[in-house]
1. Among the candidates Q236, Q251, single out the residue that is under 22 Å from the mean Cα position of the chain (by Cα) and either surrounded by 11 or more Cβ atoms within 10 Å (Cβ to Cβ) or modelled with pLDDT of 80 or more (or both).
2. Can you tell me which residue in the stretch 97-126 is farthest from C33 (Cα to Cα), limited to those that are touching a residue at least 12 places away in the same chain (Cβ under 8 Å), hydrophobic (A, V, I, L, M, F, W, C) and open to solvent by 40 Å² or more (accessible area, probe 1.4 Å)?
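The values are calculated or read from the model by the stated rules, or taken from the named source; none is laboratory data. Computed from a predicted model, the values in this text were never measured in an experiment. Methodologically, a virtual Cβ is constructed for each residue, glycine included, from the backbone with ideal geometry; neighbour enumeration extends over all protein chains shown. Only protein heavy atoms, including side chains, enter the accessible area calculation; ligands, DNA and RNA are left aside. Shrake-Rupley method; radii C 1.70, N 1.55, O 1.52, S 1.80 Å.
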Amino acid sequence: MCQTPRFPMRHRHLFVFQAVSRDDFLSAMHSLCGDATFSEAFKRTGRHVSLTIATPASAVGSASLLNHITAPDVLVRSAVQASCALPGVMRPSALLSKGRDGEIAPHESAGLTFRDGSFQNDIPIAALASQFNSSQFVVSQVNPHITPFLDDRTQPCSPLYRLQRFLINDVLSRLQYYDRKGGYLPTELANLVAQHYVGRPTDVNIFPAPTLGDLTWRVFSQPDEAGTARFIRGGQAMAWPHLKRLTLQTQLERTMRKCATHLEQRQAAAAQEARRSKGEPGETSPPRSPDRL
């Protein structure tokens, strides 16, 4: 496992209203992402990486989904830093972008700063479905302030758990009622209550099982190798009940991509044969290969 520089924690948390310095966080992310933009990262790996950011509550705007389609020139480390900016943890900041000459400069955003997108749209299913033509999603919800309130229907249900779910659902329904009736809730709380933090019933939803220690000061600290390995093992264990469903869904997607590629190859061969029969020079471009999962 690779070692990454550790960013120092701000012990004067109550006085400076931030636990992590933005500059220290960007410096730590530079060893992982370098100065790669979303476009460069996609060309290098073929992976679709999307991050959700949002404007502060005092600014006019909404959540934005950043990827190689919507923000090709934005630095990945800059988007990661903005998506990790939480009140009291790290201050919002502007995005960085790379120009054609390779120079890095603030991204043109009318002077707006950005923070974690979970305040307005934690699970951007609609945007992902529109941009990538997706119909099935695997949602892994790991926000420490959200997971204690989620209902994992794959786990055994005890009477105490049912009582907990009843109380939580009752509080949420009352908060939503107050917000609908007159907007009595603060903007931050209204945004948190109004949105959904899991996928649809047809999607695969995976929730971790955090311990009480994971929800204390460890939330604001960078995990060591042992902690990271423990998180990975825990995530794997939580995914095991969904393996059969994931296998069927990915097999369906791979089969459809193979069929689409086969049809494109047949279409390209037919077009090339038609050109040869007419005596026209040149060849058609080869069909695109399916994206890697």
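1. On inspection, the qualifying residue turns out to be Q236.
2. Looking at residues that are touching a residue at least 12 places away in the same chain (Cβ under 8 Å), hydrophobic (A, V, I, L, M, F, W, C) and open to solvent by 40 Å² or more (accessible area, probe 1.4 Å), I get L112.
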